[in-house]
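**Student:** Can you read through this structure? Questions will come right after.
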Amino acid sequence: MIFTVAIDGPAAAGKGTIARAIAGRYGFAHLDSGLLYRAVARKALDGMSAEDAARGLDPSDLSEAGLRTAAISSEASRVAAIPEVRSALVHFQRAFARSEGGAVIDGRDIGTVICPEAEVKLFVTASPEVRAERRWKELTGSGADTTLDAVLADVHERDRRDAERATSPMIAAEDALQLDTSAMSIDEALAAAAAHVEARL
Ligand code: C5P
């Protein structure tokens, strides 16, 4: 069976949690496409050109360890604005989306550019304040030393870069279900997402 679930939205809106849960529930493969840009960012911070890093990216570069730092988040949104970086990553994502047995991909441009033909499209949002608080709890919970204000500033800056870039800006597909999780519990958000998938299976 070929079945693609495309989940887009800004940082810390809940799309990763929803993507993992949907993949687990239906036995679909899951790709967090942000890891591709983070892995490119890490190589760029090590001195490689971002274009070369994207062209030579290997699945073994995608292990999550060390890719979630604030420095890599910020560099990822910078390299993600480079058209050659984005185009070098398209083929891998499209092939993944059509993998046998179903796939969930979360990111910024999955329903618009990578998989406009996806069977299910979700655009998950939440207010910047709610997202910053979630991310701040996550970061401090794993030992990082940061303030809520610094995380909120980072959320605003990444939103701006992701939404304003010329190539594949973050935007909801016209046929995406928009899910604002600001006032939702995780269970409520998952239930809404699963109902949408269920209706299309
Ligand atoms: O989702 P995550 O926060 O890990 O993504 C890191 C950065 O990678 C984002 O801020 C965005 O600039 C970029 N990205 C993108 N397109 C995607 C996924 C992530 O531009 N499909």
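**Student:** Leu177 passes all but one of (1) surrounded by 17 or more Cβ atoms within 10 Å (Cβ to Cβ); (2) within 16 Å of the ligand (Cβ to nearest atom); (3) among the hydrophobic types (A, V, I, L, M, F, W, C); (4) modelled with pLDDT of 95 or more; which number fails?
**Tutor:** Of (1) surrounded by 17 or more Cβ atoms within 10 Å (Cβ to Cβ); (2) within 16 Å of the ligand (Cβ to nearest atom); (3) among the hydrophobic types (A, V, I, L, M, F, W, C); (4) modelled with pLDDT of 95 or more, only one is false for Leu177: (2).
**Student:** Something else about it: If Ala192 satisfies every condition in (1) surrounded by fewer than 19 Cβ atoms within 10 Å (Cβ to Cβ); (2) at pLDDT below 95; (3) not in a loop (DSSP other than H, G, I, E, B) but one, which is the exception?
**Tutor:** Single failed check for Ala192: (2).
**Student:** Counting only residues that are closer than 17 Å to Arg135 by Cβ, assigned to a helix (DSSP H, G or I) and more than 9 Å from the ligand (Cβ to nearest atom), how many does region 5-22 have? Outline the logic, then answer.
**Tutor:** Initial filter on region 5-22 (closer than 17 Å to Arg135 by Cβ): 9-20.
Keeping just the survivors that are assigned to a helix (DSSP H, G or I) gives 15-20.
With more than 9 Å from the ligand (Cβ to nearest atom) added as a condition, the list becomes 17-20.
Residues flagged as closer than 17 Å to Arg135 by Cβ, assigned to a helix (DSSP H, G or I) and more than 9 Å from the ligand (Cβ to nearest atom) within region 5-22 amount to 4.
**Student:** While we're looking at this one, here's another question. Kindly provide the set of residues from region 155-173 that are part of a loop (DSSP other than H, G, I, E, B), surrounded by fewer than 17 Cβ atoms within 10 Å (Cβ to Cβ) and within 10 Å of the ligand (Cβ to nearest atom), ordered by number.
**Tutor:** Thr167, Pro169
**Student:** For region 23-44, which residues satisfy the criterion of being in a helix (DSSP H, G or I), more than 23 Å from Pro169 (Cα to Cα) and in contact with a strand residue (DSSP E or B) (Cβ under 9 Å, 6 or more places away or on another chain)?
**Tutor:** Hits for region 23-44 are Ala23, Gly24, Tyr26.
**Student:** Grab the helices (runs of 4 or more DSSP H) fully contained in region 68-154, keeping just those with 2 or more residues being among the aromatic types (Phe, Trp, Tyr) and either open to solvent by 20 Å² or more (accessible area, probe 1.4 Å) or more than 15 Å from the ligand (Cβ to nearest atom) (or both).
**Tutor:** On the way: elements: 70-79, 83-97, 128-141.
So the answer is 83-97.
**Student:** Follow-up question, since we're still on this one. How many residues does region 143-177 contain that are small (Gly, Ala, Ser) and touching a strand residue (DSSP E or B) at 6+ places or on another chain (Cβ under 9 Å)?
**Tutor:** Result for region 143-177: 3.
**Student:** What residue, among those in region 54-74 that are among the small types (Gly, Ala, Ser) and in contact (Cβ under 8 Å) with a residue 24 or more places away in the chain, is farthest from His156 (Cα to Cα)?
**Tutor:** Ranking the qualifying residues of region 54-74, first place goes to Ala54.
The values are calculated or read from the model by the stated rules, or taken from the named source; none is laboratory data. Since the structure is predicted, the reported quantities are computational estimates derived from the model, not experimental observations. Backbone-built Cβ (ideal geometry, glycine too); neighbour counts: all protein chains shown. Surface areas here come from the heavy atoms of the whole protein model, side chains and all, with no ligands, DNA or RNA. Shrake-Rupley method; radii C 1.70, N 1.55, O 1.52, S 1.80 Å.
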